[in-house]
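Report on the following structure.
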Amino acid sequence: GRRQPWARLSLAILFCMSFLNIADRFVASSVKELIKKEFDLTDAQTALPQTGMALVYLLFATVFGLGADKRCCSRPTIIVVGVALWSVATALAGLARNLNELIFYRSLVGVGEAAYGVVAGPMISDLFPPRDRMMAFAVYNIAAPVGGAIGFGSGAVFASLYGWRVAFAIVGLPGLALAAVALLALPDPERGVNDTQVVVAGAEEGEAFRRVRTTSFVEEGFFDNLWQICTNGHYVVATFSQVAVIFVTGGLGDWVASFLQRYDGASLAAAGVSVGAVTALAGILGNVLGAKTAACLESRVASAAFLTPALYSLPAALACLVFVNRTGNQVLAYSLIFVGETCLWTYLTPMQNVSLSVIPAQLRSISVGLQIFLTHILGDVISPAIIGAISDRTGSLQDGMQVTWAMVAVAGAWWLIGFACLKPLRLSGVVQGIGDGLTEGSSSFWSVCGTDGDEVASTDGSLSERSPSRPELPEERATPGGLQKPLAPS
């Protein structure tokens with residue numbers, strides 16, 4: 001495979017969309033205490049807008065995923081409509097007159113996010129060859145913590161200055177400009193154009209690596225395709241480990257500002273800005289750390305994508321445990337948030353790479369939609385409400401927050417299962433075979449973002465990208481299904 005024309009521009013656009021997506025999602029959490037006071041709500045009720053958004057998001061993700069795979073319309077069109085919808089819905093939330101209207105507007109945000117969420121990942125897989133994919137996802141995933149930080153921090157600041165209603169409008173409306181840019185500049189790469197083979201180690205030690213085509217696809221009915229997805233062990237473990245993580249991030253994201261205000265004496269603005277800054281830094285570091293660790297281990301250990309987050313899950317769980325059980329020290333609180341989030345964010349790029357690489361290209365959008373459905377219905381749809389309900393019942397938000405560190409441990413257990421119990425998996429995107437001598441390593445962060453692989457004009461005048469890969473050997477040819485050896489002459 002090779003990097004597609006306009007891959008970097010497309011990645012930049014998708015990065016900005018992910019940034020605004022997460023910012024719009026977290027602005028409501030940053031102003032939770034103000035909304036609670038104005039509408040006279042309980043802790044459990046303040047979680048309902050977030051729960052409603054997540055519930056609608058997961059329901060529509062499956063619908064949009066199926067539509068994208070069936071090619072009902074182009075993927076850029078789906079993305080543009082989704083971005084415009086969530087931007088307008090975010091701004092409209094500032095006009096809510098009661099809790100029901102706020103839930104309705106936040107639910108519309110979920111529809112828009114679903115349209116974008118199921119398409120972006122598969123598009124990146126098609127834009128970049130496997131050797132670049134880990135770093136491309138690392139770049140893309142940095143937008144999530146940075147967007148969450150900006151949404152959290154700016155929402156708190158604007159709410160302190162102008163009120164929580166204005167904060168929704170300021171954070172939401174910029175998405176309309178980005179939707180216009182995407183309408184004009186975002187391409188739709190051919191599906192599966194960069195598919196290759198994933199290497200699975202043999203069952204016995206010393207056995208040569210076997211090439212397994214994860215891109216094989218037969219046109220079947222919907223339920224047959226769903227069964228093909230759900231019986232993929234690597235996909236299942238990646239999905240349910242992310243259920244636990246999203247349970248944690250959804251719960252912490254919705255309640256951490258309230259927790260700091262109640263137990264550490266932080267002001268609304270201080271909590272929002274501080275948590276935002278810490279989350280941005282930890283998210284960037286964690287994403288890069290996870291991607292680089294997985295890439296480094298890939299050449300030494302099979303299933304490095306599972307081993308990497310498993311190793312970091314222990315310090316993440318310990319940091320979360322200490323955070324929710326100490327009070328009165330803001331410096332310690334923010335330090336623990338930084339350590340915990342840095343370690344936790346290491347999961348994102350390896351798990352995203354696993355989830356997309358082991359599924360046929362023609363089923364990736366629906367597999368993403370299914371994964372979104374499961375991770376949210378069992379994750380952040382219920383976690384804010386569970387924490388709020390425990391808080392109301394016991395009179396202590398601290399008691400409700402205990403579930404967060406426990407679920408980090410559950411995620412770590414899933415990753416250990418993937419590493420120890422599933423057939424070992426190599427996802428460098430590079431076919432490594434004993435006996436054929438072919439190796440390609442993962443690309444660097446700078447080869448994805450920098451000058452390596454610049455666009456050049458082809459002989460027909462169109463634009464393509466210079467790819468820093470090894471030359472194609474004469475005895476093989478690249479196909480959307482991977483590297484194929486020629487038939488032996490008769």
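From (1) under 16 Å from the mean Cα position of the chain (by Cα); (2) open to solvent by 40 Å² or more (accessible area, probe 1.4 Å), pick out the condition that doesn't hold for C343. Of (1) under 16 Å from the mean Cα position of the chain (by Cα); (2) open to solvent by 40 Å² or more (accessible area, probe 1.4 Å), only one is false for C343: (2).
Give the residues of the stretch 268-314 that are open to solvent by 40 Å² or more (accessible area, probe 1.4 Å) and closer than 16 Å to V245 by Cβ, sorted by residue number. The answer is L289, L311, Y312, L314. For the stretch 324-335, which residues satisfy the criterion of being open to solvent by 10 Å² or more (accessible area, probe 1.4 Å), in contact with a Leu (Cβ under 9 Å, 6 or more places away or on another chain) and touching a residue at least 40 places away in the same chain (Cβ under 8 Å)? Scanning the stretch 324-335 gives Q330, Y334. Scanning the stretch 259-304 for residues that are β-branched (V, I, T) and touching an Asp or Glu at 6+ places or on another chain (Cβ under 9 Å) yields V278, T279.
Rundown of residues vs (1) open to solvent by 10 Å² or more (accessible area, probe 1.4 Å); (2) assigned to a helix (DSSP H, G or I); (3) among the polar types (S, T, N, Q), yes/no style:
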site	(1), (2), (3)
S107	yes, yes, yes
G112	no, yes, no
Y116	no, yes, no
M123	no, yes, no
V146	yes, yes, no
G151	no, yes, no
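This table checks each residue for (1) touching an Asp or Glu at 6+ places or on another chain (Cβ under 9 Å); (2) more than 30 Å from T293 (Cα to Cα); (3) open to solvent by 10 Å² or more (accessible area, probe 1.4 Å).
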site	(1), (2), (3)
D126	yes, no, no
A169	no, yes, yes
L173	no, yes, yes
A182	no, yes, no
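Among the residues of the stretch 29-45, are any surrounded by 24 or more Cβ atoms within 10 Å (Cβ to Cβ) and over 26 Å from I103 (Cβ atoms)? Among the residues of the stretch 29-45, not one is surrounded by 24 or more Cβ atoms within 10 Å (Cβ to Cβ) and over 26 Å from I103 (Cβ atoms), which makes the answer no. Those helices (runs of 4 or more DSSP H) of the stretch 1-103 in which at least 3 residues are closer than 16 Å to D254 by Cα, considering only elements entirely within it, cover 7-30, 32-39, 43-46, 48-69.
Tell me the residue from R8, R75, R97 that is open to solvent by less than 40 Å² (accessible area, probe 1.4 Å), more than 18 Å from G379 (Cβ to Cβ), of a type in the set (D, E, K, R) and modelled with pLDDT of 85 or more, please. Just one listed residue meets the conditions, R75.
The values are calculated or read from the model by the stated rules, or taken from the named source; none is laboratory data. Here the structure is a predicted model, which means the values were calculated and not measured. All Cβ positions, even for glycine, are placed from backbone atoms using ideal geometry, and neighbour counts span all protein chains on display. Note: accessible area is taken over every heavy atom of the protein model, side chains too, but ligands, DNA and RNA are not part of it. Shrake-Rupley method; radii C 1.70, N 1.55, O 1.52, S 1.80 Å.
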